[in-house]
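Bear in mind that the values in this text are calculations on the coordinates, not laboratory data. Predicted, not measured: the structure shown is a model, and the values here were computed from it. We place every Cβ from the backbone using ideal geometry, glycine too, and count neighbours over all the protein chains shown.
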Amino acid sequence: MRNYISYIIKGMAIGVANAIPGVSGGTIAFVLGIYENLTHSISILPSALLKFKWDEIKESLKVLVPVGIGAVLSIILFLKLINYLFTNYPIPTQIFFVGLILGSFPFITKTVEKFDFKVLISFFFGAFVMAIFVYFDINQPVGEANYSGDFSVVYAIKLFLCGIAAAVAMVIPGISGSLLLLILGEYENISYFVSTLNVLPLIFVALGVGIGIFTISKVVTVLIEKHKSILFGFVLGIIVVSFLSLWPNITTLSLPLLTATVLSMCVGFLVAIVMEKI
């Protein structure tokens, strides 16, 4: 029961992260210590269902159900609040995640079992890849929904493909699924669909997300089995650059806002420590 509640809470954190452009749900899963279990559980489920391997199905669902419940709950309950905070108080909101990553660094470094030349190269390659991604302005402003109300086959296909792209980004730490949706021009529309519970377009998004997550999770699981330290070295490079890119400019803040920003970072730091204990 304790593990179930823990996964729900951590799933809520992942859901919140995926709702914010520039913040990676994969990074949050990694820093909260459930990334490996999550990708493994996702990757084994399709074949287990096809082959009726009930033990593997049960093992997978023990992780996926509570994490999924937490993620869905946080998106439905807090999406409007998150968008409000990110639009009106972007720096304190953003630096909360800086504190979250900072508080998790001791755990993150432990995931790399052996630091050798290959891991070092992998680390710098991950940092380079993330730096390229940051170049495309990771802090783009959130706008208004532009959905006209016309739902065509072409738009359904676009939402499906957007779901796949967002899912791949969700699984890979450091890359924001919401930012990709923002670049593709659908972040505001999908946020609108969720907040208004417009089910039809969300079905196509969900199908894309499902296919994307299962596919990339299988790849990640194979890499973890065969090249764990190299993969996590790559991920560590991504997370370090993510941490630096999330750091906002605080030199122009007023004293009250600067105080709120510092407190927000401290809260994020403490949340990371508490999450590791859950």
Overall form of region 6-131 per C-alpha gyration tensor (a/c, 1.5; a/b vs b/c) | oblate
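Among 116-124, 29-37, how do they line up from the highest to the lowest mean number of other beta-carbon atoms within 10 Å? Don't jump to the answer; show the numbers that get you there.
Numbers: 116-124: 14.9, 29-37: 22.4.
Going from most to least packed, we get 29-37, 116-124.
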Please give every one of the lysines within straight-line cross-link reach of Lys218, meaning a C-alpha to C-alpha distance under 20 Å, and leave out same-chain neighbours fewer than 8 residues apart.
-> Lys51, Lys53, Lys58, Lys62, Lys226, Lys228
